[in-house]
Amino acid sequence: MPELNFCILIGAVLFVSGVVCMATKRNAIGVLMGVELVLNAANLNFVAFARYTALGLDGQILSLFVIVLAAAEAAVALAIALNFYNNHLTIDVDRADDLHG
Amino acid sequence: MATNFFFWLLLVVAIAGLAGLLLVRDASRRTPWLAAFLVSFGVLAVWQSAVMFKDTTASQVLFSLFGAAVCFGALGVVLSQNVVRMAFWLIVSLGSTSGLFFLLNADFVGAVQLLVYVGGTLVLLIFGVMLTASGPYVTMKTSPTEWVAAAVVSSLLLGLILVSAFGVDWQAVDYAEAGNTTTQDASAGSSVQEGTTLRPLGWALLGLRPDKDLQKPGEPSGVGYLLPFEIVSVHLLVVLIGAAYLARAKRRVDQTPGTTAL
Amino acid sequence: MEPDQLKNWLSLLLTIAWLLPLGGFALEIFAGFWSTRLKKTAAYIAVGCIGAGFVCSLTALCSWGMHTGYWAEHDYLTKFFQETPLGGDHAPADGHAADGHHGSEHDAHHDEHSAHGAEHGAHGHEHDESKYPTVFAGRYYQLAEFGSLQLEIGYYIDSLTLVMFTMVTLIATCIHVFAIGYMSDELTEDYVDHFVHVGEGHLHRPGRFYRFFAFLSLFSFSMLGLVIAGNVFMVFIFWELVGICSYLLIGFYTERKSASTAANKAFIVNRVGDFGFLIGLMILWTSFGTFAFSEPSAEKAAENPGLFQMLRDDHGQMTVEIADDGSHQVVLTGPEGTHKTIPYYLLVAAGIGIFCGCVGKSAQFPLQTWLPDAMEGPTPVSALVHSATMVAAGVYLVGRFYPMFTPEVLVTIAYIGAITLFMAATIAVVATDIKRVLAYSTISQLGYMMLSLGVGGWVAGLLHLITHAFFKSLMFLCSGSVIHGCHHEQEMPKMGGLRKKMPITAYTMLIGVIAITGLAIPGTYFGFQFAMSGYHSKDAIVATSLAYWGLNDQHVLLFILPLAGAGITAFYMFRLWFYTFAGEPRDQHIHDHAHESPAVMWVPLVILSFFAIFCAYDGEQGPLWGLLVHSEPAGMDHGFDPAAPGQIAVPGHHHVHEKMSGDATVHDVAGRYALAVAIAGAILAYLFYGARLLNPADVRRQVAGLHEFLVEKWRFDELYDAMFVKPVHVISGWIAALDRVVIDGFLHGTSKAAVDVSTWDRRFDEQVIDGLVNWVGDRTFRVGRSLRFVQTGRLRQYVMFIAGGLFGVLMLVYILTL
């Protein structure tokens, strides 16, 4: 169904933008935004499939769960970023290279 | 698209207006040209769209609108340099996604998306932006090389995903015509006030699936989401406690950048 | 007493006498550990053992005499009391004296047995020959058996054995007692040896008193074992044992280079002689097949005859036949009466071989060089070993082995003896060390004994052996007393006039000197006869050599040389006495400090001088002669006619006593000449050294060359040095060089090769193998280190990698599923 393909397309675009955002942004918050985008792409896929295939209600339930977990993860990630900022006075992820080889 | 006299007339006017806009040196005299271009182009666009898309339904239009908004919002997130502007574009994108949800008959999920994602998570992100803003607001730019590498990789990935996804026969059925999947509730008519997916979702989260006919052979016997629901709730509690602990107020290290202290 | 009982009794006594010193040795050698070095315990044990041995030997002799009726036949005691004025010339036939003879030699036991003798004398002569054999022989222990050859420890007891045992034990006892006094300065923890220089001063060492007596006991054991031996192999064993003891005793002062060298020389020169002995033994073994002397019982002799029985018949005759190819063969009687022949020359070779051992042991020409050097040992050693016993072992063996010697061998023995006696006598004339003079005198007298045995005077030679033992040991002990009194001064030019200071020593020495020179008052011309022992024995020797000359015209030297030797002997012996004891002291310091020896030292001198005078009492009619004649080899009394192939006649007893010129027998004529020569020599010595009417220095100047030749001991040492010692040194230098260059070079080469191989191997291991392993590790490390840079720690790069990796994996899956 074109609608399904359309949703898939949008979801792919979202996903790829999220990946690009994660790969290129130097601000930690920017990276987190990329994460949000990726999760949204997944959610969109779930809901689209819930609508157009036999997945049914399960897709919507799962997307609910995804939203909840995304929120939790965002909170924790933000706490970590905050800690990092408090210790290093910078939010630049390029400065967080203490684990380099 | 209809290509008659009015079409060509409007097109000439649009092009003239564009030419005049570009060629007139004096900024204050550009206004008429701008107006001409805009009007003609607008009328042209609307007329041709109406002609082209005369068969499109409202939902289809809305679908495309919301979809475009999502994509552009995502692009905006990627391309902005300023983190606050990124947040704005993210709001646009997430809001449009919520619209898409509504169009896809996931009314409750769309609502939750708006409430939690846009209203909670994004606000949280903005608060984070606020709390991690250091003195002179330094924009952290990425080098062009990295842009190119990211673009290459992302385009490849996009192509791959699309090719693989479009190559699959999903056996998709538009249940909106065949019948709303979310309303197995035969007794109730689809009433907006009730919310067509809320009740089934609630039942499912409690472990019951009235929308499924369990007598049908091949159906799994009861896919209730009670346990995941409980786990997620505890998880959320724990995570939030952890996040609150992690983010507690600590003695901030002194203002010399680069020093690391724990 | 039955013969077997007597045999067991005699063998028991003699075995006790023989083995007691061995037990003594075992005790004494450890006496240094049990008791202190300061006590004379070892000496008492030694004296006890040898004294007990003497008692046993004497008892054996008396038992033998009593039970075999020997004393009864000869009745010496009765004769002693009924002394006939003229000694009488009796030709003893068949070894048994017709009339009774007496002797006061064995005074003590004669008193015991005199009654016995008187009793039996009444019964006349009971020749119980068939009951008691002349010889008792038996076996103690079999060492090994190789086919028909049996090596065993056995005994051979006849009157010669008994006399030798008694003589050896008696002299040994006296010398042991003397040594208690002589070696008393070893009874200390710190003995200062003035002849060894260490650093600034003299050597200090603990005293070795007990060891001396241990060695003396061991020597006594060895000598008695040699005397009792019943077969030639056993003789050889104890021959070597005696040689070892001599070595130990000569080298007693081990730290003195001269002493240790002398000990080596003695042993090595003896060994040279033993080489010939071994050849003789081997010839005997291959020809005869047995080593035993003889088997006395007739039944056993048929089965296992001894050497004597195989070669000679009951009358002492040897059977020589001429084989088909013209060579002379000797017929041997084997067991069960079988006959086999051996070539005559083989028998001669065997005899010469055995005699070679005697040449070495008895210091005859040419192996006489060791005996003068052996004087490095303490004087008791010289007295016991190198005058009376060990050097006499060679003579004893010749006497024991006599039946095996062909007349050719006998003439060889005689000539060697003659040369030796003359040569040694001439050297003794110029010697100045008191012990050297006595040493050369010993060599000379041993030459006399060999000469006597060679010319057929078996009894004479062995009689001289016994008498020489007594007076030579007496003289050595006297010289020891002088040395002890003069505080270890041995050079005669430093002595003089000592008889006032040491009278007992001086006069006992005089007795010995008169005994050796053979001065006497002969009974032929005067009413009585006074002669010391040496006179009788020397007389007999000269007489026999005269008889021999009479039978074999060409061997005149064998008479002239002993005669000349007698004169020279008299000369140098009196020279020694006058030099030492008479005249004015030449070194006042020594004269002042000289003193008579303590009683423990002069009592043995007196005892020995008594025997030196009386042991051969009455010469040929005396008891000692009679004892020795009893054991004479068969046929000796008649002599031997000239026989093929040598055509040499050997005189018997009656040849010596047949009339020669007028009424005088050969014996008388020889006796006159000998006495004349001896008196001449004595007077000459008196003129030179006693009364100082003639100056020896003048003579020395006139015959300077001869004098030097004699002082250089006829240059034998230099000759042997050039002939043997230097070539051996050269060859050993070559061999040492071979060892050093070739063998050591080879060894060093192989070890160097091994070191090189291992070095190369180590280098290979370090560089190649370790290099390989290290290279691998290094590469891995480098790869890891370069991969380190992948992990930049930058988040965005990681995300990029994730995305890229995801793309790659999906691409892969996509391609694979196409």
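Table for the structure above
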read-out: Residue that is more than 7 Å from every other protein chain (Cβ to nearest Cβ) and at pLDDT below 90, where the choices are A:59, A:18; value: A:59
read-out: Residue match in the stretch C:514-528 (condition: in the same structural domain as residue C:470 (by TED's automatic domain parsing), assigned to a helix (DSSP H, G or I) and of a type in the set (Phe, Trp, Tyr)); value: no
read-out: Residue check for residue B:151: at pLDDT 85 or above, more than 7 Å from every other protein chain (Cβ to nearest Cβ) and surrounded by 10 or more Cβ atoms within 10 Å (Cβ to Cβ); value: yes
read-out: Residues within the stretch A:44-56 that are at the interface with another protein chain (Cβ under 7 Å from one of its Cβ atoms) and surrounded by 20 or more Cβ atoms within 10 Å (Cβ to Cβ), tallied; value: 7
read-out: Number of the condition not met by residue C:23 [criteria: (1) out of contact with any Asp or Glu (no Cβ under 8 Å at 6 or more places or on another chain); (2) not in a helix (DSSP H, G or I)]; value: (2)
read-out: Extreme residue, surrounded by the fewest Cβ atoms within 10 Å (Cβ to Cβ), among residues of the stretch B:102-131 that are closer than 28 Å to residue B:199 by Cα and among the aromatic types (Phe, Trp, Tyr); value: B:102
read-out: Residue tally, condition under 20 Å from the mean Cα position of the chain (by Cα) and within 20 Å of residue C:216 (Cα to Cα), over the stretch C:142-201; value: 14
read-out: Test set (1) in a helix (DSSP H, G or I); (2) over 18 Å from residue A:70 (Cβ atoms); (3) more than 7 Å from chain B (Cβ to nearest Cβ) - residue A:31 fails condition number; value: (2)
read-out: Number of positions in the stretch C:231-267 that are without any contact (Cβ under 8 Å) to a residue 60 or more places away in the chain and of a type in the set (Val, Ile, Thr); value: 3
read-out: Failed criterion for residue B:137 (all others in (1) modelled with pLDDT under 90; (2) farther than 17 Å from residue A:19 by Cβ; (3) facing another protein chain (nearest Cβ under 9 Å) hold); value: (3)
read-out: Among (1) facing chain A (nearest Cβ under 10 Å); (2) crowded, with 19+ Cβ neighbours inside 10 Å, the one test that residue B:99 misses; value: (1)
read-out: Among the candidates C:678, C:736, C:674, C:722, residue that is loosely packed, with under 12 Cβ neighbours inside 10 Å and within 30 Å of the chain's Cα centre (by Cα); value: C:722
read-out: Neighbours by Cβ (under 6 Å, 6+ apart or cross-chain): first from the stretch B:125-137, in a loop (DSSP other than H, G, I, E, B); second modelled with pLDDT of 80 or more and surrounded by 17 or more Cβ atoms within 10 Å (Cβ to Cβ); value: B:132/A:85; B:132/A:91
read-out: Residue list for the stretch C:370-398, restricted to those being among the hydroxyl-bearing types (Ser, Thr, Tyr) and within 14 Å of the chain's Cα centre (by Cα); value: C:382, C:387, C:389, C:396
read-out: Residue ID - surrounded by the most Cβ atoms within 10 Å (Cβ to Cβ), chosen from residues in the stretch C:295-312 that are farther than 21 Å from residue C:282 by Cβ and touching a residue at least 60 places away in the same chain (Cβ under 8 Å); value: C:295
read-out: Selection count, the stretch C:770-801, where residues are surrounded by fewer than 11 Cβ atoms within 10 Å (Cβ to Cβ), over 30 Å from residue A:18 (Cα atoms) and at pLDDT below 90; value: 3
read-out: The stretch C:569-603: number of residues that are of a type in the set (Asp, Glu) and in a helix (DSSP H, G or I); value: 1
read-out: Filter pass, residue A:79 being more than 7 Å from chain B (Cβ to nearest Cβ) and under 19 Å from the mean Cα position of the chain (by Cα); value: no
read-out: Checking residue C:397 against (1) in a helix (DSSP H, G or I); (2) in contact with an Asp or Glu (Cβ under 8 Å, 6 or more places away or on another chain), the condition it does not meet; value: (2)
read-out: Residue in the stretch C:635-653 that is in the same structural domain as residue C:457 (by TED's automatic domain parsing) and either farther than 21 Å from residue C:402 by Cα or polar (S, T, N, Q) (or both) present; value: no
read-out: Single unsatisfied condition, residue B:80 versus (1) free of Cβ contacts under 8 Å to residues at least 24 places away in the same chain; (2) within 20 Å of residue A:63 (Cα to Cα); (3) facing chain A (nearest Cβ under 10 Å); value: (2)
read-out: Only one of B:87, B:106 that is closer than 20 Å to residue A:18 by Cα, out of contact with any Phe, Trp or Tyr (no Cβ under 7 Å at 6 or more places or on another chain) and at the interface with chain A (Cβ under 8 Å from one of its Cβ atoms); value: B:87
read-out: Residues of the stretch C:240-271 that turn out to be in contact with a helix residue (DSSP H, G or I) (Cβ under 9 Å, 6 or more places away or on another chain), more than 18 Å from residue C:392 (Cα to Cα) and assigned to a helix (DSSP H, G or I), as a count; value: 10
read-out: Output for the stretch A:47-95, where each listed residue is assigned to a loop (DSSP other than H, G, I, E, B) and either touching a residue at least 60 places away in the same chain (Cβ under 8 Å) or of a type outside the set (Gly, Ala, Ser) (or both); value: A:53, A:55, A:89, A:90, A:91
read-out: Test: residue in the stretch C:457-466 that is farther than 18 Å from residue C:535 by Cβ and either in contact (Cβ under 8 Å) with a residue 24 or more places away in the chain or assigned by TED's automatic domain parsing to the domain that holds residue C:414 (or both); value: yes
read-out: Top-ranked residue in the stretch B:109-128 [being more than 7 Å from chain A (Cβ to nearest Cβ) and over 12 Å from the mean Cα position of the chain (by Cα); ranked as farthest from residue B:67 (Cα to Cα)]; value: B:127
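This table checks each residue for (1) touching an Asp or Glu at 6+ places or on another chain (Cβ under 9 Å); (2) within 14 Å of chain A (Cβ to nearest Cβ); (3) farther than 30 Å from residue C:424 by Cα.
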{"site": "C:729", "(1), (2), (3)": "no, no, no"}
{"site": "C:756", "(1), (2), (3)": "no, no, yes"}
{"site": "C:799", "(1), (2), (3)": "no, yes, yes"}
{"site": "C:817", "(1), (2), (3)": "no, no, yes"}
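The values are calculated or read from the model by the stated rules, or taken from the named source; none is laboratory data. A quick note: this is a predicted structure, and the numbers were derived from the prediction, not measured. Positions of Cβ are backbone-derived with ideal geometry, glycine not excepted, and every protein chain shown enters the neighbour counts.
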